[in-house]
Amino acid sequence: MIDHSDIEKVVDECFAEISSASRERYDTDKADRGAALFLVAEMKLSSMIEEVELRARQAKNDISRIEGEKYFEFKTTSGDKKITENMLLNYIAKDPDIVSAKLECAKQEAALKKWNYLLASLKDGHIYLRNLSKNKTWNE
């Protein structure tokens with residue numbers, strides 16, 4: 001299991017570093033360490049993304065499984081009534097279990113998107129700090 005509090009702590013440190021670099025003159029010697037911190041955050045976050053992506057995929061599989069169960073449940077309990085396929089699909093779509101499963105899937109996909117966006121931002125921050133650290137050798 002991933003320690004989410006550790007990841008959040010490292011990401012907060014990254015935000016503090018980039019915030020400092022955006023507001024005042026940033027020490028180029030410190031930039032190397034800051035860039036390394038961003039790499040640490042990227043590695044930790046990538047493990048968390050793997051976990052969230054797995055949950056998102058499982059949520060999609062749960063939707064398919066529940067839809068299949070509900071389809072056969074509605075089909076077999078309809079008795080002599082003639083239910084059109086379209087009507088059956090509408091019954092399934094409004095079933096509380098399906099609605100709940102789709103909501104959970106949407107939450108997992110939204111979390112995955114958010115963490116991937118953060119990972120891209122960390123990569124940009126790493127590059128920015130690496131460029132700052134290179135600047136010291138160019139100016140010397």
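Bear in mind that the values in this text are calculations on the coordinates, not laboratory data. Everything numeric in this text was worked out from a predicted model, so none of it was measured. Because the Cβ atoms are built from the backbone with ideal geometry, glycine has one as well, and the counts that use them run over all protein chains shown.
Annotations
- By the helix-only formula, in which each DSSP H run with n ≥ 4 contributes -39500 (n - 2.57) and the sum is divided by residues, the chain has a 222 nm mean residue ellipticity of -32000 deg cm²/dmol.
- Cα pair distances exceeding 28 angstrom across the chain, given as percent: 45
- Radius 12 Å from Cβ of residue 50, net charge of other residues (Lys, Arg +1; Asp, Glu -1): +1
- Per-q log10 I(q)/I(0), segment 31-112, q = 0.15 Å⁻¹ (Debye; single scatterer per alpha-carbon; no solvent): -0.65
- Shown for 121, 19: other C-beta atoms within 10 Å of each C-beta, ranked fewest to most, produce the order 19, 121.
- Reachable lysines from residue 94, criterion Cα separation under 30 angstrom, eight or more residues apart if same chain: 60, 70, 75, 81, 82, 102, 107, 113, 114
- In a fully extended conformation the segment linking residue 53 and residue 69 would gain 3.3 nm over its present Cα-Cα distance, using 0.36 nm per residue.
- Dipole of segment 4-139 [Lys/Arg +1, Asp/Glu -1 at C-beta], most positive-end residue of 5, 58, 128: 128
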